[in-house]
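First up is the structure itself, then whatever we jot down about it.
The values are calculated or read from the model by the stated rules, or taken from the named source; none is laboratory data. Nothing here was measured: the structure is a model prediction, and the numbers come from that model. Here the Cβ positions follow ideal geometry from the backbone for every residue, glycine too, while neighbour counts run over all protein chains shown. Surface areas here come from the heavy atoms of the whole protein model, side chains and all, with no ligands, DNA or RNA. Shrake-Rupley method; radii C 1.70, N 1.55, O 1.52, S 1.80 Å.
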Amino acid sequence: MNGEHKITGGHRARTALVYLRQSTLVQVREHTESTMRQYALADTAVSLGWAPRDVEVIDRDLGLSGTSAAHRQGFRDLMSRVCLGEAGAVFGLEISRLGRSNADLARLAEMARLTDTLLIDSDGVYDLSDFNDWLVLGLKSTMSQAELHIMAGRLQAARRAAAERGELRAPLPVGLACDADGTVVTDPDAEVRAAVADIFACFFAAGSAYGVVAAFAGRKFPQRAYGGVWAGQLRWAPLTHHRVLQVLKNPAYAGAYVHGRHVTRKKVDADGNVRTVTAELPRAQWPVLIKDHHPGYLSWEEYLAIEARLAANHTAGGARPVREGTALCQGIIICGGCGGPMAANYHGDDRASYECHSHRDGKKTPGCRSIMAHAVDDAVAAALLDALTPEQVGLALAAAGEVTSRHQRVSRAAGLAVERARYEADRAERAFSQVEPENRLVARTLEARWEARLAALADAEQALQAARDALPPLPDRASLEKLAADLPALWHAPTTTARDRKRLLRALIADVTLLPEADRHKARIGIRWHTGAADQLVIDRPKPTGIPAPTPSPATELIRRLGPVTGNDALVTILSQHGYLTGAGRPFDIKAIQWVRRAYHIPGPSAYGSGEISVNEAAQRLGCSPGVVYYWIETGQLDARRSPGGRLCIPWTPATDADCRARITSSGHLNPAARRTRPRQHRWVRP
Ligand SMILES: [Zn+2]
């Protein structure tokens, strides 16, 4: 070996370390030749004079990339052994590639120089205290770094060129497949195709990824496995929100070829470890985008519409998705005072109000308002129905078509599942019938499998029937056309859900703003249409419910004058004789008079005759609780009469007063002093 004379007895007395490294598991698995050569280095060490027991192989880094030493325990062991001066020589297949970074190798070389450790590879022996060897190793290390850079650059350029032609293969998402010529086609499996297409159809119907998840409840979605034992296999699993977003955002379904949608970046975490993270680039920054590259499930325009809808659904800003509540402008109404979103709050019996969020955040401005939802909704709905007139028929019929296709989708998916279950049952039956009778054990397994498949088929058929039964019957075409002719009726129909109304509203209106308005009895509403046009409406603010409209003053005057001496029944008669009406335009009744009495503090006529007092008055005079007086009246110990208004009136005379006081004095219950003077009575006598 070249430079063998540099090895001295001092080197041979110490350990010979053989450091093995292979970048990836694929290299370890497939480039066995290289691994064999690395292990053969141990024999080289022996042939150079080391005792076999002094040769140590460090192979912990096999299968780990050398780009950084961070995770390579083997290299760290090697460094520490060299630092301690335990090693006489370090063997590697190519010393300049021991560490993939120059810094690693420079550190090793420096330590080897200080501890007089030799570095040995197939080219020869390096003694780092020799300037020539040190220089050669340094140059080789720099060259290997350069080589790596150039190679990577060429590979990347070749990849990029292939990607720009749309020929660089990337794993295809489920629903797309490669045919024998390598052309991308939609999946030949109809059930898979239906599942993927349904995701998009459900999204256009529901408007949100969570809506798609809900529509797929109880139904499974296919997933193609990459790598591992299941590579290429199709597995059916429940659909998750994350999965829906993956499908909706994947441009491959729109027939586009995209390269570089995701980038990897290196990050150093707090512990100093280098980690690789994957980030998604915005569409404008995709390096390669080839539209109409292959057949897809939707058009590029639909893809962009989905992208816009997903962005709008993002709750951190902009319009929020429609919810079930009746407040029509929920999610798209903005406070004109502070510019923030307004929340739809419900106050029982489905009355809603729009309130500025700033109340909560403490950012309320003097222009911030809240308003009853129905006032805004009625005005906005009227504006919408006005705007819709020329498109009435088309829109309504499209809505009808959508319902029909939704019906078909539900049963189509179940139908395809039945078909698949039947196919699998047939296959299991065929496998069972083909097995030789003497293979009893095999036959038993196959029979069990066949039975399981038959049970699955029965389940699928049941599910199909259930799916068909669960569908409400479709309205016939004639009634649909009648509805279409009158969109306002369709809008107000009880079968139209709040969600549908909101969706229709959002199809045309971008947002609604409650603008500042000087007159506090009015509200100014700004409507921004998707076309870019803007309208302003001024409406009357609804009067707060619960307080009646003001009653005209002549009637109030009359009640004020006669009220203290006249009962409510008599007042009803008098007011109707005068022809007076309430503020709401109705004739006066007892309830209306009670309202006026309460509002203007007009007392009623006294119910008590002369010499009569109330229960409370009597209790006060006697110094006992009203309950005692009620008890006396109930038990007939005290006379009282009921007034027409239902009050108890007690005729009070000096004799009544004296009777009551005597009753209190003698009662042990009411008068504790009387109880204490009474002798104790023993009921139980000890024998
Ligand atoms: Zn506000």
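In this structure, G49 does not satisfy being at positive phi and at pLDDT below 70.
Conditions (1) more than 22 Å from the chain's Cα centre (by Cα); (2) open to solvent by 10 Å² or more (accessible area, probe 1.4 Å), marked per residue:
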position: L172; (1), (2): yes, yes
position: G175; (1), (2): yes, no
position: A180; (1), (2): yes, yes
position: V185; (1), (2): yes, yes
position: A205; (1), (2): no, yes
position: A209; (1), (2): no, no
position: A215; (1), (2): no, yes
position: G218; (1), (2): no, yes
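Just the residues that are touching a strand residue (DSSP E or B) at 6+ places or on another chain (Cβ under 6 Å) and β-branched (V, I, T), please, taken from the stretch 221-261. Listed by number, the list holds a single entry, V258. Does K482 count as assigned to a helix (DSSP H, G or I), modelled with pLDDT of 85 or more and under 20 Å from L385 (Cα atoms)? In short, no.
Among the residues of the stretch 87-114, the ones that are out of contact with any Leu (no Cβ under 6 Å at 6 or more places or on another chain), at pLDDT 85 or above and open to solvent by 30 Å² or more (accessible area, probe 1.4 Å) come to 5 in all. Flag: L505 does not match the condition of being within 35 Å of the chain's Cα centre (by Cα), surrounded by 11 or more Cβ atoms within 10 Å (Cβ to Cβ) and part of a strand (DSSP E or B). Filtering the stretch 431-447 to residues that are in a helix (DSSP H, G or I) and surrounded by 12 or more Cβ atoms within 10 Å (Cβ to Cβ) leaves A431, F432, V442, A443, R444, T445, L446, E447. Within the stretch 220-244, the set of residues being open to solvent by 60 Å² or more (accessible area, probe 1.4 Å) and under 24 Å from E302 (Cα atoms) comprises Q223, T240, H242.
Residues in the stretch 515-533 that are surrounded by 11 or more Cβ atoms within 10 Å (Cβ to Cβ) and either modelled with pLDDT of 85 or more or in a loop (DSSP other than H, G, I, E, B) (or both): 11 in all.
Just one of the listed residues (R661, R675, R683, R598) is open to solvent by 100 Å² or more (accessible area, probe 1.4 Å) and either of a type in the set (G, A, S) or modelled with pLDDT of 85 or more (or both), and it is R661. Exactly one residue among L239, L289 is touching a helix residue (DSSP H, G or I) at 6+ places or on another chain (Cβ under 8 Å) and under 25 Å from L168 (Cβ atoms), and that residue is L289. Looking at this structure, is A279 under 30 Å from R72 (Cβ atoms) and either part of a loop (DSSP other than H, G, I, E, B) or open to solvent by 50 Å² or more (accessible area, probe 1.4 Å) (or both)? So A279 does not fit the description; no. Would you say A112 is closer than 30 Å to I290 by Cα and without any contact (Cβ under 8 Å) to a residue 60 or more places away in the chain? Considered against the rule, which asks whether it is closer than 30 Å to I290 by Cα and without any contact (Cβ under 8 Å) to a residue 60 or more places away in the chain, A112 comes out as no. Of all the numbered requirements in (1) closer than 20 Å to A170 by Cα; (2) open to solvent by 70 Å² or more (accessible area, probe 1.4 Å), A284 misses one, and that requirement is (1).
Checked against the criteria, R224 counts as basic (K, R), within 13 Å of G175 (Cα to Cα) and touching a Leu at 6+ places or on another chain (Cβ under 9 Å). Scanning the stretch 498-508 for any residue that is at pLDDT below 85, in contact with a His (Cβ under 8 Å, 6 or more places away or on another chain) and within 30 Å of G339 (Cα to Cα) turns up at least one such residue.
With respect to (1) assigned to a helix (DSSP H, G or I); (2) open to solvent by 40 Å² or more (accessible area, probe 1.4 Å), the lone exception for F200 is condition (2). The condition (being part of a helix (DSSP H, G or I), over 30 Å from S667 (Cβ atoms) and either open to solvent by 40 Å² or more (accessible area, probe 1.4 Å) or of a type in the set (V, I, T) (or both)) is satisfied by just one residue among L558, L562: L562. Among (1) touching a Phe, Trp or Tyr at 6+ places or on another chain (Cβ under 8 Å); (2) farther than 30 Å from A217 by Cβ; (3) of a type in the set (A, V, I, L, M, F, W, C), where does A161 come up short? A161 satisfies all of (1) touching a Phe, Trp or Tyr at 6+ places or on another chain (Cβ under 8 Å); (2) farther than 30 Å from A217 by Cβ; (3) of a type in the set (A, V, I, L, M, F, W, C) except (1). Here P295 passes the criteria (1) modelled with pLDDT of 85 or more; (2) part of a strand (DSSP E or B); (3) out of contact with any Cys (no Cβ under 6 Å at 6 or more places or on another chain) except the one numbered (2).
Tallying residues that are within 8 Å of the ligand (Cβ to nearest atom) and at pLDDT below 85 within the stretch 337-349 yields 4.
For the stretch 134-170, which residues satisfy the criterion of being in a helix (DSSP H, G or I), in contact (Cβ under 8 Å) with a residue 40 or more places away in the chain and open to solvent by less than 40 Å² (accessible area, probe 1.4 Å)? Once the filter is applied, which keeps residues that are in a helix (DSSP H, G or I), in contact (Cβ under 8 Å) with a residue 40 or more places away in the chain and open to solvent by less than 40 Å² (accessible area, probe 1.4 Å), the stretch 134-170 yields L137, S141, S144, A163.
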